[in-house]
Amino acid sequence: IDYLSQGIDLSGIEVIENDLLFIARARLEVENQAKRLLEQGVETQNPTQVGTALQVFHNLGTLKDTIANVVDGYCTVLEENIKNALDIKVLTQPSQTVTRGGPGRAAMPTPGNTAAFRAALWTNMEKLMDQICAACGQVQHLQKVLTKKRDPVSHVCFIEEIVKDGQSDILYKFWTAVTQTLSSQFQSATDSSMFLKQAFEGEYPKLLRLYNDLWKRLQQYSQNIQRNFNTSGTTDLFAELQQMEEDAQNIFMQKTQDYDPEKALKDSLQQYEAAYLSKSLSRLFDPINLVFPPGGRNPPSSDELDSIIKTIASELNVAAVDPDLSLAVAKNVAKTIQLYGVKSEQLLSTQGDASQVIGPLTEGQRRNVAVVNSLYKLHQSVLKVITNQSSFPAAAEQTVTTALKAVHDLMGSAVQPLLNSVGDSVEAIIITMHQEDFSGSLSSSGKPDVPCSLYMKELQGFIARVMSDYFRHFECFDFVFDNTEAMAQRAIELFIRNASLIRPLGEGGKMRLAADFAQMELAVAPLCRRVSDLGKSYRQLRSFRPLLFQTSEHIASSPALGEVIPFSIILQFLFTRAPPELKSPFQRAEWSIARYSQWLDDHPSEKDRLALIRGALEAYVQSVRTREGKEFAPVYPIMVQLLQKAMSTLQ
């Protein structure tokens with residue numbers, strides 16, 4: 001009838017006047033009934049009712065306009081809801097009656113009433129989230145029916161009717177409108193009220209949690225709608241629902257390349273997050289700046305450090321409502337740890353007295369010990385805090401751990417000068433073995449006259465004193481042992497190196513040196529948890545001692561060669577069994593033993609060391625030829641053979 005009467009003026013034709021009136025009334029009646037059915041269907045989430053109503057509008061040709069009006073209606077209602085939730089006048093009234101403020105009177109909570117104001121605000125916010133969720137659910141339901149329902153005659157899917165003029169889907173349109181309204185309303189409300197601004201900034205995690213919960217509910221709702229639609233296709237009208245393939249994808253808008261619906265929701269929160277993080281950083285920095293006053297000389301006390309740790313734990317706990325917020329606060333915590341490190345580093349003494357090892361602990365050394373202990377406590381406490389965090393994002397943990405590693409490195413550089421001094425002194429004591437005489441023959445008893453050499457006694461006394469005078473004061477035992485064990489390994493390496501260079505070495509000297517090998521284990525014991533933990537150095541010390549008494553042939557075939565003890569050390573040792581004419585590499589180069597030891601440190605590769613030894617052997621051959629000697633020393637062929645074996649293993 002509509003189609004027939006289009007574009008023609010039928011007024012004044014009496015015979016159909018009444019009919020036209022009746023048709024107009026009937027159309028209005030049908031539209032109103034369909035509107036009521038649609039509202040009811042959407043509210044009760046009844047797809048059959050919604051489908052029937054949509055079919056009516058489709059038949060009347062007003063489907064698109066009706067849907068647009070319905071969605072706009074939801075947007076308008078929500079805008080009103082948002083305004084009401086944030087209405088400072090209502091929030092600050094003791095009762096719900098709104099009185100008109102005089103001109104220029106700002107609405108604000110009375111001094112004692114801030115708590116009530118905050119409570120009312122959060123109640124309103126929760127209610128608002130429920131309202132957004134409900135409206136969203138209804139639009140989702142509507143969209144779902146539109147995508148499933150087809151016209152029984154033309155088989156056109158209803159959603160295509162709406163989208164065909166380049167209209168985006170209704171859920172997207174609705175969501176963009178709602179998120180924009182949220183942003184603009186929150187902005188204007190907090191611009192005009194300091195109290196709202198402070199509430200949202202100060203309790204930002206609470207606000208973020210409400211938003212996260214809303215998002216979760218919307219996602220959950222989508223999945224439920226999906227299931228309901230896939231199971232409720234029983235009526236004739238909705239038989240076509242069954243034919244539609246089940247779309248497994250989540251209905252609530254998917255994140256696309258140029259639109260992320262969750263981000264759109266949270267965009268309205270950005271300014272509050274920035275303010276919250278800035279205040280959080282101040283809360284973290286304040287206690288540190290307090291306990292490191294300008295010109296202060298001592299690290300914080302135990303209680304002061306505890307309060308810093310409590311602040312860190314509290315900031316991380318509050319931020320745990322959201323992984324992104326956790327990461328942002330973890331970055332603040334990392335900056336806090338860095339600040340503590342910088343302030344601690346300024347207290348360290350780097351003067352000469354910080355590395356002295358002659359007298360008792362100096363003032364500077366005492367302070368350095370206190371700083372290292374304080375850094376260690378911070379390191380351990382923060383580690384404990386992050387391991388106790390449930391569901392701490394990996395990226396956040398990584399951020400804090402990296403900052404803690406820097407603290408550990410700072411502890412290392414704080415003790416380094418002392419470690420260097422101790423290491424230098426140990427080396428200086430070991431090298432004095434060359435001032436003692438090892439050339440003597442066996443005494444009548446067949447035992448050495450003294451249990452160990454003088455230098456060994458001195459070394460044992462020095463290491464024991466250093467540990468009790470200096471290192472005992474550090475509370476971080478594992479950290480100290482990690483450093484002193486490296487020192488013990490170095491001491492053993494130097495001891496074996498120098499022992500292999502002793503020339504001449506008599507039978508009595510061998511007995512005394514063997515005793516020194518046994519005593520060396522006792523000397524380095526205070527530096528480590530267990531001497532056997534020293535690994536390769538310990539095995540070298542144990543394997544070298546029996547070689548002192550073996551024949552050169554025996555030594556050359558020892559299984560420890562190359563495996564445990566480097567070839568270059570054994571070759572160095574075999575020079576002591578040769579006549580003076582076969583000069584050791586350092587004698588040939590006219591170096592002192594100290595200089596040769598330094599050269600070995602600078603050339604750790606076996607290849608370089610063996611090349612120097614080969615040079616010494618070649619020089620010997622040259623000198624024998626020059627004096628037209630008839631034969632080489634018995635040890636020479638063994639050394640050459642050993643050198644070739646060493647070179648072949650390097651290949």
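The values are calculated or read from the model by the stated rules, or taken from the named source; none is laboratory data. It should be emphasised that the depicted structure is a prediction, and the values quoted were computed from it without experimental measurement. Cβ coordinates were reconstructed from backbone atoms using ideal geometry, including for glycine residues, and neighbour counts include every protein chain displayed. Accessible surface areas use protein heavy atoms only, side chains included; no ligands, DNA or RNA. Shrake-Rupley method; radii C 1.70, N 1.55, O 1.52, S 1.80 Å.
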Worksheet entry | Unmet criterion (only one of (1) under 30 Å from Ala514 (Cα atoms); (2) in contact (Cβ under 8 Å) with a residue 60 or more places away in the chain; (3) not in a loop (DSSP other than H, G, I, E, B)) for Ser443 | (3)
Fill in: Filter pass, Glu304 being open to solvent by 30 Å² or more (accessible area, probe 1.4 Å) and more than 25 Å from the chain's Cα centre (by Cα)
yes
Discussion item. Of everything in segment 413-444, what is surrounded by 14 or more Cβ atoms within 10 Å (Cβ to Cβ) and of a type in the set (Asp, Glu)? Give them in sequence order.
Written reply: Glu427, Glu436
Response to the item:
Within segment 629-646, residues open to solvent by less than 30 Å² (accessible area, probe 1.4 Å) and out of contact with any Pro (no Cβ under 6 Å at 6 or more places or on another chain) come out as Gly629, Val635, Ile638, Met639, Leu642, Leu643, Ala646
Worksheet, complete the sentence: In segment 24-33, anything without any contact (Cβ under 8 Å) to a residue 24 or more places away in the chain and open to solvent by less than 50 Å² (accessible area, probe 1.4 Å) is listed as Ala26
Worksheet item: So which residues in segment 588-628 are small (Gly, Ala, Ser), open to solvent by less than 50 Å² (accessible area, probe 1.4 Å) and assigned to a helix (DSSP H, G or I)?
Response: Ser597, Gly615, Ala616, Ala619, Ser623
Response to the item:
Across (1) open to solvent by 30 Å² or more (accessible area, probe 1.4 Å); (2) at pLDDT 95 or above, Asn332 clears everything bar (1)
Worksheet item: Does Arg529 qualify as being outside the structural domain of Gln572 (by the TED database), closer than 28 Å to Gln356 by Cβ and not in a helix (DSSP H, G or I)?
Response: yes
Worksheet, complete the sentence: The number of residues in segment 457-511 that are farther than 19 Å from Gln356 by Cβ and either assigned to a helix (DSSP H, G or I) or over 33 Å from the mean Cα position of the chain (by Cα) (or both) is 33
Practice prompt. Go through Leu361, Leu410, Leu378 for me and flag whichever is hydrophobic (A, V, I, L, M, F, W, C), within 28 Å of the chain's Cα centre (by Cα) and open to solvent by 10 Å² or more (accessible area, probe 1.4 Å).
Written response: Leu410
Discussion item. Can you say whether Pro451 is open to solvent by 30 Å² or more (accessible area, probe 1.4 Å), farther than 30 Å from Leu513 by Cβ and more than 27 Å from the chain's Cα centre (by Cα), as far as the supplied structure shows?
Written reply: no
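The rows are residues; the columns are (1) open to solvent by less than 10 Å² (accessible area, probe 1.4 Å); (2) of a type in the set (D, E, K, R); (3) more than 40 Å from the chain's Cα centre (by Cα).
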site: Thr123; (1), (2), (3): no, no, no
site: Asp130; (1), (2), (3): no, yes, no
site: Val139; (1), (2), (3): yes, no, yes
site: Val156; (1), (2), (3): no, no, yes
site: Ser188; (1), (2), (3): no, no, no
site: Phe195; (1), (2), (3): no, no, no
site: Gln198; (1), (2), (3): no, no, no
site: Leu208; (1), (2), (3): yes, no, no
site: Arg217; (1), (2), (3): no, yes, no
